[in-house]
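Shown next, in structure tokens, is the structure this report addresses.
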Amino acid sequence: QLQASGEGLVHAGGSLRLSCAASGSISSINVMGWFRQTPGKQRESVATITSGGSTNYVDSVKGRFAVSRDSAKNTMYLQMNSLKSEDTAVYYCGAVVASRVHWGQGTLVTVSS
């Protein structure tokens, strides 16, 4: 089970950190990631991280967002800097386990311009 937190309202240019706490060990989870969705649009991948620490970002957040994971705390993070109004969305964390994506609940990020 995944529990996302860090919901907030920030001004453009500000920062926010999201956390995704797992109920069990994440050490064996190869791929975890952050996704976001806005009304009327499909959920998109924002950032992913493997158990080996390899990361991948959607072009629109490269250089501004950083995904990390702490196996000791069974938690994944998304540090979001230089936020833009277009980053406003519901953010979801996900983990691929046995070829199936497990989702946490969404957490709302609102960036005011």
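The values are calculated or read from the model by the stated rules, or taken from the named source; none is laboratory data. All of these numbers come straight from a predicted model, not from anything done at the bench. Note that each Cβ is placed from the backbone with ideal geometry, even for glycine, and that neighbours are counted across all protein chains shown. Surface accessibility is based on the protein's heavy atoms, side chains included, excluding ligands, DNA and RNA. Shrake-Rupley method; radii C 1.70, N 1.55, O 1.52, S 1.80 Å.
Remarks
- Among the residues of the stretch 91-111, those that are in a strand (DSSP E or B) and without any contact (Cβ under 8 Å) to a residue 60 or more places away in the chain comprise Arg100, Val101.
- Subset tally (residues that are at negative phi and either assigned to a loop (DSSP other than H, G, I, E, B) or more than 13 Å from the chain's Cα centre (by Cα) (or both)) for the stretch 51-68: 8
- Within the set Val61, Val96, the sole residue that is of a type in the set (A, V, I, L, M), touching a strand residue (DSSP E or B) at 6+ places or on another chain (Cβ under 7 Å), surrounded by 13 or more Cβ atoms within 10 Å (Cβ to Cβ) and more than 25 Å from Leu9 (Cα to Cα) turns out to be Val96.
- Taken residue by residue, the stretch 91-108 has no member that is modelled with pLDDT of 95 or more and at positive phi.
- First in the stretch 33-56 and touching a residue at least 24 places away in the same chain (Cβ under 8 Å) and closer than 11 Å to Gly94 by Cα, second anywhere and of a type in the set (Asp, Glu) and surrounded by fewer than 15 Cβ atoms within 10 Å (Cβ to Cβ), Cβ under 9 Å, 6 or more apart: Phe35/Glu44; Arg36/Glu44
- Of all residues in the stretch 59-73, those that are within 17 Å of Val109 (Cβ to Cβ) have Cβ atoms under 6 Å from Cβ atoms of residues that are open to solvent by 40 Å² or more (accessible area, probe 1.4 Å) and not basic (Lys, Arg), 6 or more apart or on another chain, in Arg64/Asn81; Arg64/Ser82; Ala66/Gln79; Val67/Thr55.
- Some residue of the stretch 73-86 being at positive phi, surrounded by 15 or more Cβ atoms within 10 Å (Cβ to Cβ), at pLDDT 95 or above and assigned to a loop (DSSP other than H, G, I, E, B): yes
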